[in-house]
Amino acid sequence: KSSFVARFRPHMETNLWMATRGVGSPLHYDVAHNMYTQISGRKRFRLFPPHDYSNVYLYPRVHPSTRMSQVDMDSVRTEIFPRFLNTTPIEFTLEKGDVLYIPPYWLHQTEVAGAHSISVSVCSESPQVELRERVFLDQKKQKQLASLASPQLPLRVRVLALEAYMRAFFQTEYARDRVGKAMKSSEDEKIDRLRRFCSLMLTSRFDTLPFDKEVVGLSRLIADAKVFFQRELAEHTSHHAHTDVIEMAKYEGEKLTTKYNFLTGTMYRYTKTEWEIELMNHFEDVISMVLGSPLM
């Protein structure tokens, strides 16, 4: 099918960037399409593919600097950010008249390379934006999950409900093989994937933030939750007085994954890396809401 018949994406915003030598932007990603035109001067770029997301130590989703890297690109402290050594950046300089396309989720950092720089970026909506809003930003679902945050529920019950909700996401999309075929997973395999995913969330986003008390508080909550994930949860939930709450959380997780698979039958489907990034963002939102993070 010819690409010329594809519909135009809605225009989101146009930005004019003017700066002098040495001024730049921190390493970050956007979810929109970005057409970047160098009008005057020169600008140095460093692009990182999406699969580097866990190696650049993004700020947590609930942090004001969300989508940005914690790494100071002018002085990378590899003793604090050791996985940054595994990144695969592409470096180049835009000259006057050059146009660069930055796809969604590609991390990028800029710096004026000459005496001055004038550039324009035009951002348009991507299918990833539309999919995220329809799947993860459902207001009705957020209200339903908010019931899990009731102070009447013991912390242990809330954590088990979180585990049941989050585990539902690891029986379809995250468990797909390289050709996109869904793989059947045992309950132990699902729990193991969830453990590793939460461990990655801790080490790549939270463990390097000792200066931020509120974020460290959320990190401790996630660490506490992880303790429960590492146990044989079936025997705990089967005899628990709040089994109905845990089953409701499991049902909500399964319903959301079903909705995603239904929508992506006719819409865009996330790549594995995009799904991991958005799932990590979503889990942060849900964990902080249910466990009572001071950031929410």
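The values are calculated or read from the model by the stated rules, or taken from the named source; none is laboratory data. The model shown is predicted, which means the values in this text are computed figures rather than measured ones. Cβ atoms come from the backbone with ideal geometry, glycine included; neighbour counts cover every protein chain shown. For the accessible areas, the whole protein counts, side chains as well, though only heavy atoms, and no ligand, DNA or RNA atoms are used. Shrake-Rupley method; radii C 1.70, N 1.55, O 1.52, S 1.80 Å.
Cα convex hull, the range 25-176: 162 Å³ per residue, rounded to a whole number.
Once you list every other residue whose beta carbon is under 10 Å from the beta carbon of Arg44, what net charge do they have if Lys and Arg are +1 and Asp and Glu are -1? Counting the neighbours of Arg44, the net charge comes to +1. Here Thr14 and Asp244 are evaluated by their C-beta separation; at R0 = 35 Å the FRET efficiency comes out at 0.10. Working ranking of peptides 118-130, 87-99 by packing, defined as the average number of other Cβ atoms within 10 Å per residue, highest first, is 118-130, 87-99. Charges were assigned to the Cβ only: +1 to each Lys and Arg, -1 to each Asp and Glu. The resulting dipole of the range 14-172 about its Cα centre is roughly 520 debye. For the range 27-88, carbon and sulfur atoms together expose 50% of the accessible surface, with a 1.4 angstrom probe and every protein chain in place.
Averaging the sequence gap over all C-alpha pairs within less than 8 Å and six or more residues apart, then dividing by the number of residues, gives the range 42-116 a relative contact order of 54 percent. Summary of packing: across the peptides 196-207, 266-277, 145-156, the per-residue average of other C-beta atoms within 10 Å ranks them, highest first, as 196-207, 266-277, 145-156. For the cross-link pairs Lys43/Lys272; Lys143/Lys190; Lys140/Lys250; Lys96/Lys272; Lys140/Lys272, the ones whose C-alpha atoms lie over 24 Å apart are Lys43/Lys272; Lys143/Lys190; Lys96/Lys272; Lys140/Lys272.
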